[in-house]
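Colleague: The structure that follows is given in the form of structure tokens.
Read the figures in this text as sums done on the coordinates, not as results from a lab. Everything numeric here is computed off the predicted structure, so don't read it as measured data. Positions of Cβ are generated from backbone atoms using ideal geometry, with glycine treated the same way; all protein chains shown enter the neighbour counts.
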């Protein structure tokens, strides 16, 4: 018997489910409804369209073989019915009918269904502040907004922009405005760091420094309190508690919220924060109604907690799973580890699993290995430092998360992806130690960054390595009186250590090159706390072990070393 | 009590074990012995030194912080004793002493040990043919050979080179000679394909085509039968059964063999093919003697069979494990999945697990998904096609291996590394389907290549997708009489399909664009075998499903599509 399927939402999860289901059940009658007239687009590509990397919006709506995914495409090539500019008004679960309205004609009809899918996505969160309705204030809600933003820039109407929100979309939009268009761009983030909850503070700090290097002004811990406009209703500025930022364009990227109105009104279970509740088959509390994509609640596989994971990649995978289950193939979506990656100008930043901050809050016996190795063989042309943080539980040795920051290529991606699939399996430090990363000098160091991070984690668990956290070190450097009883042991090359000795004095900064410590350890003060400093932390670890052996045990290694300090940026760095 | 440790071999596994052990047991007395005067170098970097990418050999012997790893370095910085130009002659297991000879003075001494490590590496296999001793014939045995090769090229003494052996080192050396130096280079490989046993034939064929595009002449299935020289003992040519190849430089890269003489003579267990037998703690048959690196036999985790896995990355990891165990920390090396990656001019080729050919030979219910997706969002600037093959067992759905071929960046690396850690865990098609690859348009498609490959594998297992193997298709195209009863259904854009219809005739080549098949399926002959053709195979799969639905079930999809055909290179391609 032919089943009738209705899919509400035509961007990512919806079309994927519909197309996959049509392949599984070619005889079924499948209708996709969307309130927009543009559907099936790569929303994650919007910043690259605004920047000009992608020249036309239709490219975001095209297949890899360059056909535009419009209504005729879905109907002719895929055999679906597609109703665009059509809003789903209500679900009548009793009669299994969706009430929809044609937004052009105003005509309302009922679409009967045997199985229904909600792929209603998410909507941008609009801050409850004055001025959000002013001309020139945009959210990144859909392709139309993107087209309008780009048009204004291309017409030369935008000199100064303020982006509200330092999450991934905010940062990507700041780059889009500043990089190719040269718009004077400011990014404000209410939380104390960029990418809150996605990465730990050091990674956010390295990103912030890079944005500043690229002439994006960044203010963290500083939310927008109002948006100001002129008499014509045009935006003129963004107000924060600290300053007034002139703007002729404001992008509000303050997060997104699941679109759950239909689900709520139909009496389906919805989480308090808004995500539609589904089981692993992606069925809502009504087994004939599925939901997928940015509108659902899913499970974080590390914490076991409910989470929101609005990613185009997950929407596509979930869409396929909905198609399977509707067709009668049992297929499960078990949850997410929260893999994330982004380009920010010349850098890449990525993470998977949970942050150290989150791991502490979750009650894990959390610790982390902060490393700064070369991203490929150090002798291979173009190698660069990449910074990684492996977050783990000291008691169980389970790896909880990994973060990476490096130059813009796919090398961070390789490590984070491998980490993600391991974390999904509940991997331990030993699994990371044993990960068999493919090796050749153009692609990795002989000891891959993943293996190296596990070595450090192993050393930490065995208490062979005692580290000083970067935040404590930076605080001590800002104010010597905070913790006066320490001395830096700088084991870098004398040319590198010299300016520091000169600036901070031999009482505070002792320079003994790495290779000479075995001969000159007598110069290391025995009555002070010694902070051992090098570029990446590996040499410092060796020196710590040796000093332990000769009885100087009051030492700590600066985790991540100067490779991280330099990327974070500090004002005490000698000229 | 201070233990005495002797390590024989100072390139990779040996120094790693020695340094790690010294950190674990700073009071122990550790001596490293090597017959060479140059130690601790990145042997995998030799092709990049010869090419000129790495300007000085000392860079291959340097740390990431630019200190040369010579004897003073190991003694001062690491606290080891190092005896270079010192050959280990024999192991007296009864008296726990290694007899060594100083190669400069001829003096022999006995080094007592409590625990001993063999890190004797591997030696190049020298073919049993005439002329191998001629001047100008080199193996890539050590850094001295590399220095000599580069010197000859830099002095203008090399116009024509022949590389014997199409494994990874042979291909890398061919690139080194041809690319930067412009040496007229020929590569000969006895087996029918390049990279035998490492990749399946299609991947080898794509590599071969690219080498030819880069002006390397490649002859496969054609071994060297003799090396010819002139009256002065200088090499002049390499003879094969088919031709005489002029050469003033010959690189013999015909594989390597474990250096096991010391182990054998000491009565330690050695595999018939030469690998020193070790347990997972990397102990030889004498529990006080460990072995690691290119000299040992290890286990292939997919087949369970003994294997040789001579990789610098594994040597380093194994070295650390030997150090652990010697120090009393139980640490295991469980085996390998055989991860492999290489740069070849503008391409990257990589693999992990076992090939389809090997999986068939091992008796698996083997099948494969050959895909050719975009390596990042298709709208992102610089995206390129990458070809992947996922090898799996249809019955258990276990993934057995994955191969990748694409442009030279880290994108293949990301997929192969993620695949490797999953295959190590015995992952199934479902695990690959669920792999949470970090997504943003600059780094991947919304459906990552790994997920996409799993989708195809799933479709194959469910018999929803029926494929035609590439080798059969190419054979049928070469000779229509082999299998006359088929017709191509070319669903690409008419501009792409047109020249094929013109060349092969409408009887053989039916062109119906993908989006029109639902309307025009009447044009598809019902009495023939239909081979559905597109660029990547995904559209063809959809069309197959649709034709099944309308009762035309005698169809096959060309696995990998024209994206693979073009990369393999065929002579029947229309102009």
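Colleague: Please determine, in degrees from 0 to 90 and to the nearest 10, the orientation of helix A:143-154 with respect to the longest principal axis defined by the Cα atoms of chain A, where the helix direction is its Cα long axis.
Modeller: Tilt relative to chain A: about 60 degrees.
Colleague: 7 Å along Cα→Cβ for the label point: how many nanometres lie between residue A:103 and each equivalent label in the other copies, listed shortest first?
Modeller: 7.8
Colleague: From other protein chains only, count the Cβ atoms within 10 Å of every residue's Cβ in A:528-541, then give the mean. Could you put the intermediate results ahead of the total?
Modeller: Working: counts 0, 0, 0, 0, 0, 0, 1, 2, 2, 0, 3, 5, 0, 1.
That average works out to 1.
Colleague: To continue, here is another question. Can you list, shortest first in nanometers, how far residue A:328 lies from the same residue in the other copies, with each label 7 Å from Cα toward Cβ?
Modeller: Its label point is 6.5 nm from the equivalent points in the other copies.
Colleague: Consider all pairwise Cα distances in region B:137-254 and report the whole-number % of them above 24 Å. Please list the in-between numbers first.
Modeller: Numbers: 1373 of 6903 pairs.
In whole percent, the share of Cα-Cα pairs in region B:137-254 beyond 24 Å is 20.
Colleague: For residue B:463 and residue B:475, compute 0.36 nm times the residue count separating them, minus their Cα-Cα distance, and round to one decimal in nm.
Modeller: Numbers: separation 12, 0.36 × 12 = 4.32 nm, distance 2.43 nm.
The residue B:463-residue B:475 span can extend by a further 1.9 nm.
Colleague: Right, next: Quick check on the protein assembly as shown: of the DSSP beta bridges with both residues there, what percent are antiparallel, nearest 5%?
Modeller: Details: 104 of 203 bridges.
Expressed as a percentage, antiparallel bridges in the protein assembly as shown total about 50.
Colleague: Compute the helix-to-body angle for A:538-549: its Cα long axis versus the longest principal axis of chain A, expressed 0 to 90° and rounded to tens.
Modeller: Around 40 degrees separate the two axes.
Colleague: For region B:340-461, report the convex hull volume of the alpha-carbon atoms normalised per residue, in Å³, without decimals. Numbers along the way, then the final one.
Modeller: Details: hull volume 10.7 nm³, N = 122.
Measuring per residue, one finds 88 Å³ for the Cα hull of region B:340-461.
Colleague: Could you check the simple spin-label distance between residue A:63 and residue B:516, using points 7 Å along Cα→Cβ, in nm with one decimal?
Modeller: 1.5 nm
Colleague: Treating the point 7 Å from Cα along Cα-beta-carbon as the label, what are the nm separations from residue A:574 to the other copies, to one decimal?
Modeller: 7.1
Colleague: Then there's this: Can you give the Rg to Rh ratio for chain A, taking only C-alpha atoms and Rh from Kirkwood? Can you show the working numbers first?
Modeller: Working: Rg = 26.8 Å, Rh = 26.1 Å.
We get a ratio of 1.03 for chain A.
Colleague: For peptide B:441-454, compute the average count of partner chain beta-carbon atoms within 10 Å of each residue's beta-carbon. Numbers along the way, then the final one.
Modeller: Working: counts 14, 14, 13, 5, 5, 13, 7, 5, 0, 2, 4, 1, 0, 1.
That average works out to 6.
Colleague: Shifting gears a bit: Which residues among region A:247-282 fall inside the zone where the amide N is under 15 Å from a point 7 Å beyond the Cα of residue A:330, along Cα→Cβ?
Modeller: Inside the label zone: A:280-282.
Colleague: Roughly what % of DSSP beta bridges within region A:264-361 run antiparallel, to the nearest 5?
Modeller: Working: 9 of 11 bridges.
Counting only bridges with both partners in region A:264-361, antiparallel ones make up about 80 percent.
Colleague: Exposure proxy check: B:173, A:470 ranked by fewest other beta carbons within 10 Å? It would help to have the intermediate numbers written out before the result.
Modeller: Values: B:173 26, A:470 20.
Going from sparsest to densest Cβ surroundings: A:470, B:173.
Colleague: Suppose we look only past 20 Å in the calculated P(r) of region B:283-368. What percent of the Cα-Cα pairs does that tail hold? Present the calculation step by step, with values, prior to reporting the outcome.
Modeller: Values: 1681 of 3655 pairs.
Result: 46 percent of Cα pairs exceed 20 Å.
Colleague: What is the Cα centroid distance between region A:317-377 and region A:30-59, reported in whole angstrom?
Modeller: With region A:317-377 and region A:30-59 each reduced to a Cα centre, they are spaced 25 Å.
Colleague: Tell me the Kirkwood hydrodynamic radius of region A:18-171 in angstroms, computed as one over the mean inverse distance between distinct C-alpha pairs.
Modeller: Working: mean 1/r = 0.0555 Å⁻¹.
Over region A:18-171, the inverse of the mean reciprocal pair distance is 18.0 Å.
Colleague: Return the whole-Å distance between the Cα centroid of region B:207-231 and the Cα centroid of region A:471-506.
Modeller: 59 Å
Colleague: Can you work out the FRET efficiency for the pair residue A:280 and residue A:4, with r the C-beta to C-beta distance and R0 = 35 Å, to the nearest 0.05? Can you show the working numbers first?
Modeller: Values: r = 25 Å, r/R0 = 0.71.
About 0.90, to the nearest 0.05.
Colleague: Please say if region A:467-568 is rounded, prolate or oblate, where rounded means a/c under 1.5 for a ≥ b ≥ c the square roots of the C-alpha gyration tensor eigenvalues, and otherwise the choice is prolate for a/b larger than b/c and oblate otherwise? Please report the intermediate quantities before stating the final value.
Modeller: Working: a/c = 1.32, a/b = 1.24, b/c = 1.06.
Note, shape of region A:467-568 comes out rounded.
Colleague: Using a 10 Å cut-off around each Cβ, can you sort B:348, B:360, B:19 from fewest to most neighbouring Cβ atoms?
Modeller: Fewest to most other Cβ atoms nearby, the residues stand as B:360, B:19, B:348.
Colleague: Let me have the 222 nm mean residue ellipticity of chain A computed from DSSP H runs of 4+ only, each contributing -39500 (n - 2.57), with the sum over all residues rounded to the nearest 500.
Modeller: Numbers: 18 runs with 169 residues, N = 575.
That comes out to -8500 deg cm²/dmol.
Colleague: A further question on this structure: To the nearest whole percent, what portion of all C-alpha pairs in the protein assembly as shown is separated by more than 38 angstrom? Working shown, then result.
Modeller: Numbers: 362399 of 660675 pairs.
Result: 55 percent of Cα pairs exceed 38 Å.
Colleague: Sticking with this structure for a sec: Could you work out how far apart the two model spin labels at residue B:157 and residue B:114 are, taking each label as a point 7 Å from the Cα in the direction of the beta carbon, and quote it in nm?
Modeller: 5.0 nm
Colleague: Which percent, nearest 5, of DSSP beta bridges in chain B are antiparallel?
Modeller: Details: 52 of 102 bridges.
Here the antiparallel bridges make up roughly 50 percent for chain B.
Colleague: Take the alpha carbon atoms of region A:91-155, find their center, do the same for region B:100-121, and report the distance between the two centers in whole angstrom.
Modeller: 77 Å
Colleague: Here is a follow-up. Taking the Cα atoms only, what angle lies between the long axis of helix A:168-179 and the longest principal axis of chain A, rounded to 10 degrees?
Modeller: That helix lies at roughly 80 degrees to the long axis.
Colleague: Also, quick follow-up: In peptide A:429-437, what is the residue-averaged number of other protein chain Cβ atoms found within 10 Å of each Cβ? Working shown, then result.
Modeller: Numbers: counts 0, 3, 3, 1, 4, 9, 7, 19, 10.
Rounded to a whole number, the mean comes out at 6.
Colleague: If you don't mind, there's one more thing I want to ask. Can you sort B:105, B:313 by how many other beta carbons sit within 10 Å, fewest first?
Modeller: B:105, B:313
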